[in-house]
1. Any idea which residue in the stretch 36-45 is surrounded by the most Cβ atoms within 10 Å (Cβ to Cβ), counting only those that are over 17 Å from the mean Cα position of the chain (by Cα) and either over 14 Å from PHE62 (Cβ atoms) or modelled with pLDDT of 90 or more (or both)?
2. Regarding the stretch 166-180, can at least one residue be identified that is open to solvent by 60 Å² or more (accessible area, probe 1.4 Å), modelled with pLDDT of 85 or more and of a type in the set (A, V, I, L, M, F, W, C)?
3. From ALA188, ALA98, grab the single residue that is in contact with an Asp or Glu (Cβ under 7 Å, 6 or more places away or on another chain), at pLDDT 80 or above and open to solvent by less than 60 Å² (accessible area, probe 1.4 Å).
4. Inside the stretch 132-143, can you point out the residues that are more than 10 Å from VAL164 (Cα to Cα), touching a residue at least 24 places away in the same chain (Cβ under 8 Å) and open to solvent by 60 Å² or more (accessible area, probe 1.4 Å)?
5. Tell me which residues, restricted to the stretch 48-76, are open to solvent by 70 Å² or more (accessible area, probe 1.4 Å) and closer than 19 Å to ARG109 by Cβ.
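The values are calculated or read from the model by the stated rules, or taken from the named source; none is laboratory data. Quick caveat, the model's predicted, so the values are computed rather than measured. FYI the Cβ positions are ideal-geometry reconstructions off the backbone, even for glycines, and counts take in every protein chain you see. Just so you know, the surface numbers come from the protein's heavy atoms only, side chains and all, with ligands and any DNA or RNA stripped out. Shrake-Rupley method; radii C 1.70, N 1.55, O 1.52, S 1.80 Å.
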Amino acid sequence: MLGPPIASTTGAPEGDSLSVLAMLALATAFHWSVANDSVTPHGYADNWGWSTFNFGCHRMAFASVLNFSSSLRLEIDFDKSWHWSITKEFRNACLDLAHLFPSGDIPIRVESHVKDLGERFHSGKNHSAWQCQRKIAEAEARAKRIKSLPLDIQTKASLIQASVWPMALYSADTAFLGMVHFQTLRSAALLAFVG
């Protein structure tokens with residue numbers, strides 16, 4: 001059932017099958033509007049971003065996204081948008097992007113550590129490694145609690161799959177962890193099975 005028409009500022013109401021195709025088309029168009037040898041675009045549904053080591057390229061990509069979105073009457077939520085860098089110089093240069101908005105009503109957020117779609121980004125590798133080690137310790141504690149439950153192996157396997165692995169390994173790709181952490185985690189899971 002299509003139902004009565006729904007007013008929309010972008011040409012297609014959200015939730016219908018065409019809006020999914022429109023989102024894919026827009027994500028592809030975004031990708032091609034900022035991609036070059038120095039800028040790598042990233043996209044997940046309606047979350048767009050890019051990475052570069054060159055501030056001049058970052059500034060051009062930001063201007064391209066502003067022009068691209070305004071030409072399609074799309075709004076950017078600047079409260080959820082941020083600039084992040086591993087160097088202080090790059091972060092300070094990002095503050096100058098506020099000059100692109102002379103009215104001063106658009107906030108430019110420059111962060112030293114952020115969380116995007118659940119993954120933490122921080123410029124210091126020690127902080128990130130510490131966070132992952134803490135999560136692995138919590139996952140090990142969860143496995144020990146599962147060990148003492150009077151359940152069959154299949155149920156324990158489901159619990160480990162649902163609560164231990166996600167806790168320990170989500171965003172582990174952003175840290176430098178040694179094999180000892182993964183061996184500890186595997187041992188804890190095995191002990192949860194066999195007691």
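1. VAL39
2. For the stretch 166-180, residues open to solvent by 60 Å² or more (accessible area, probe 1.4 Å), modelled with pLDDT of 85 or more and of a type in the set (A, V, I, L, M, F, W, C): absent.
3. Among ALA188, ALA98, only ALA188 is in contact with an Asp or Glu (Cβ under 7 Å, 6 or more places away or on another chain), at pLDDT 80 or above and open to solvent by less than 60 Å² (accessible area, probe 1.4 Å).
4. GLN133
5. Selection gives TRP48, ARG59, GLU75.
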